[in-house]
Each structure stands twice: as structure tokens, then as C-alpha cells.
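Asks: So that we are looking at the same thing, I have put the structure below in C-alpha cells.
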Amino acid sequence: MARPKKKPEIPKKEEPQTTEELKKKRVRHSYIYAVGRRKKAVARVRLFKKGDGKITVNEKDYSGYFPTLELRQIVKQPIEATGQKDLNFSIKVGGGGVRGQAEAIRHGISRALVILEKDLRKTLKAEGYLRRDPRRKERKKPGLKRARRAPQFSKR
């Protein structure tokens, strides 16, 4: 008669981490990390506490990366709303279009600022910068030219 096999020992799950532990985990480096998203664009934001207000996007200055003044203003909105002028940001962004990338960066910067200082949450939330905009491109349906555009009807 065969002996029953021993069941492998399952390691115990760690207890959920508190927000302070998560904050320490993120602040382990010399920067604070946050992710911002909009449509297909994803921005990975690093906030450096000691700085002079410099923002780099994909290894370029943000004013060189974004061609128009409007897009540059979108990126700067959470910084201007909170008055945090002495922070440096290093951002990697990809996917989507230029506008979506700018809004993803705004979302990521806002999240990083809240991790840095909880009091800024009220200001940023009132402006709507912490909300992840859920709108996406609608899928194409069968029998249609685009998501909702039907083929042109001809009576004769």
C-alpha cells in the first residue's frame, strides 16, 4: 500500500500593508514614484524632493517634448495649483497621442504630490487632477464602418 504524499507547505500571506508602510516602500529611493494614465497613454513619474522645478519627459525637457503651449500648461497645472516649485520630475511616457500623454503626466504628477504631502489632496481633487478619466475609444462593431458609423443608405 502506497503512502499518501505530503502536501507542500504553503507560505503564510503577509498582512496588508498600512499606507505608512507603502509610503516608506515608495520613498525608499531618493524619489517618489507614481503612475498616471489617460486613454492608452501611461506616464511613470518620479518626483525628486530636492530640485529646482525641472521637468524632463523621456530624457528631454518638457517644453521640447510638447510642441504647444496648451500641452505644457496641462503638465504644469498640478504644480501651479499646489505651489510646489522646488521639485524635479523625471517622467517616462508612452502610448496614445500627445494630448493623452500630457494628461497622463498631469495625473501622475498629481498622484506623486499626494504621496509627498497628504494636505495637497483636497486641492488637487477639487481641480479634478486625481480622477483617472475613464473614456476610451469605442470598439468597431460588425456591419459598421466604425464604432457607430453605418454604411450610407441608398434608396435606389
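Asks: Using the alpha-carbon centroid of each, what span in Å lies between the stretch 57-78 and the stretch 84-156?
Replies: The distance from the Cα centre of the stretch 57-78 to that of the stretch 84-156 comes to 15 Å.
Asks: Output wanted: per-residue J couplings in Hz (rounded whole) for the stretch 34-43, from phi through Karplus 6.51 cos²θ - 1.76 cosθ + 1.60, θ = phi - 60°, x for Gly and Pro.
Replies: Rounded to whole hertz, the list is 8, 10, x, 9, 7, 6, 9, 7, 10, 10.
Asks: Testing the spin-label approximation: label points 7 Å from Cα along Cα→Cβ at Asn58 and Lys85. State their distance in nm.
Replies: Modelled inter-label distance: 3.0 nm.
Asks: Over 19 Å between C-alpha atoms is what I'm after, so list which of Lys40/Lys122; Lys92/Lys137; Lys85/Lys118; Lys54/Lys85; Lys39/Lys118; Lys50/Lys125 land there.
Replies: Numbers: Lys40/Lys122 27 Å; Lys92/Lys137 23 Å; Lys85/Lys118 17 Å; Lys54/Lys85 9 Å; Lys39/Lys118 27 Å; Lys50/Lys125 25 Å.
Table pairs above 19 Å Cα-Cα are Lys40/Lys122; Lys92/Lys137; Lys39/Lys118; Lys50/Lys125.
Asks: In units of 2.2 N^0.38 Å, what is the alpha-carbon radius of gyration of the stretch 49-111? Numbers along the way, then the final one.
Replies: Values: Rg = 10.8 Å, N = 63, 2.2 N^0.38 = 10.6 Å.
Taking the Cα Rg and dividing by 2.2 N^0.38 Å, one obtains 1.02.
Asks: Here are several values of log10 I(q)/I(0) by the Debye sum over Cα atoms at q = 0.10, 0.16, 0.17 Å⁻¹: [x] -0.38, -0.92, -1.02; [y] -0.29, -0.78, -0.89; [z] -0.50, -0.89, -0.97. Which one was derived from the coordinates shown?
Replies: Correct label is [z].
Asks: Next up: If you count only protein heavy atoms and use a 1.4 Å probe, how large is the accessible surface of Ser154, to the nearest 10 Å²?
Replies: Counting only protein heavy atoms, Ser154 exposes about 80 Å² to solvent.
Asks: Could I ask something else about it? Give a quick list of GluC sites (Glu not before Pro) in the stretch 56-97 that DSSP marks as loop, anything other than H, G, I, E or B, with at most 15 other Cβ atoms within 10 Å.
Replies: Details: sites: Glu59, Glu70, Glu80; in loops: Glu59.
Here the sparse-neighbourhood loop sites are Glu59.
Asks: I need the calculated FRET efficiency for the pair Gln73 and Asp119, taking r as the beta carbon distance and R₀ as 25 Å, to the nearest 0.05. If you can, show how the numbers build up before the last one.
Replies: On the way: r = 24 Å, r/R0 = 0.96.
Calculated transfer efficiency: 0.55.
Asks: I need the per residue convex hull volume for the stretch 88-140, using only the alpha carbons, in cubic angstrom as a whole number. Can you show the working numbers first?
Replies: Working: hull volume 5.0 nm³, N = 53.
Roughly 95 Å³ of hull volume per residue.
Asks: Another question, if that's okay. Starting from 0.36 nm per residue, how many nanometres of slack lie between Glu138 and Arg156 once their C-alpha separation is accounted for?
Replies: Details: separation 18, 0.36 × 18 = 6.48 nm, distance 3.18 nm.
Answer, rounded to one decimal: 3.3 nm.
The values are calculated or read from the model by the stated rules, or taken from the named source; none is laboratory data. If you're wondering where the values come from, they're calculated on a predicted model, not measured in any experiment. Here the Cβ is made from the backbone with ideal geometry for all residues, glycine too, and neighbour counts use every protein chain on show. For the accessible areas, the whole protein counts, side chains as well, though only heavy atoms, and no ligand, DNA or RNA atoms are used. Shrake-Rupley method; radii C 1.70, N 1.55, O 1.52, S 1.80 Å.
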